[in-house]
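Some notes on the structure that comes next.
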Amino acid sequence: MRPVISHRCIRLVRDIRAQLRCAQVATFLALAPLFICGSAGASAAQPALTIVDEPFMAFIAGMEGPDGYDDVTLHATSQPPDALTRMTIGQVLDYQARLQRQGAKSTAVGQYQVIRKTLNDFVRRGEIRPDELYSANNQDRLARILMNRCNFYDPAHDIDRLGNCLARAWAALPVMTGRKAGQSHYQGKAGNRALTSVEEVRQVLEGRFRDEGPIMVAARRIERLPAISSRAPDRASDPIPLARR
C-alpha cells in the first residue's frame, strides 16, 4: 500500500527544517534521530515514512571526496599542516586562505569538498564555531545543513527542484531540468563536470523515504567509507566555484 503522510506531519517536518537554521538544533539532529510524528500521524493501514539521509551522503562522498574526511582537492598547491580531522575550523580556513594566496584553483577540503567561502559562511551564520574540529561528525553535520537548505527533509518537496538545488551545492551532481540538464551547474569551472546521471540522482533522492514506522529524521553519524587507494583524476573538486575574497 502506498504510504500516506498526514498534513500535520508534513507541517512538523517543515517546522524542523526551519529550526535547523539554529546551530544548536542542527547539532542535535546530526547526533541522534528525531521522532517527528508518532502513530497518531498515520493509521496502521497507512504506514508512515522514515526519512534516511545516509545513502545520499555516501553517494555524494563517493564522488566528491573518495579519500574520506581528510581528502584535499587535487588542485591544492600545498598540503595542510595536519590531518584535516585533527584541525579546527579556524585552522582549516587559514589553510584554505593559504591555497588562495598561492593561486590554487580550488580550496575544497574534506569528504564533501567544502570550499573556503562555504565554510566561512557556516561560521558567519553561527552554524559552527572556529574552535570546533573539522571532524567526521562535524563534516557530516555541515553537509546535512546544506541538504536542509535545499528542503531535503521535506517529504512534500519536488524531486527535480531538490536535485537542482543540490546541484548548486555539489558540482558532481547534474542539473535535473532545463537547458543544463545532465550537466554540472559549474560545468567547465575548475575542471568540474557531472559525475553521475539525472536518473541515478532521482533514484537516490526518491529512496530517502522508507516505510519503517513513524516519521523520523535518521540523522545518525555515517560510518567512514572504506579507504580508496587512488583518486579519480577527473572527479569534481569544488561544491561551488572558488570565490576570491
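Coordinate-derived values only; no laboratory data. The structure displayed is predicted, hence computed values, not measured ones. Methodologically, a virtual Cβ is constructed for each residue, glycine included, from the backbone with ideal geometry; neighbour enumeration extends over all protein chains shown.
A few points about this structure:
- Debye intensity ratio I(q)/I(0), log10, region 61-153, q values 0.13, 0.18, 0.21 Å⁻¹ (C-alpha model): -0.38, -0.75, -1.02
- Here r is the Cβ-Cβ distance between SER197 and ASP131 and R0 is 45 Å; the resulting FRET efficiency, rounded to 0.05, is 0.65.
- Amide H partners (placed H, <5 Å) of VAL114, local residues excluded: VAL109
- For the pair GLU54 and ASP82, the difference between a 0.36 nm per residue extended length and the Cα-Cα distance amounts to 7.3 nm.
- Computed over the alpha-carbon pairs of region 71-217, the distance histogram in 10 Å steps reads 11, 36, 33, 18, 2, 0 percent, short to long.
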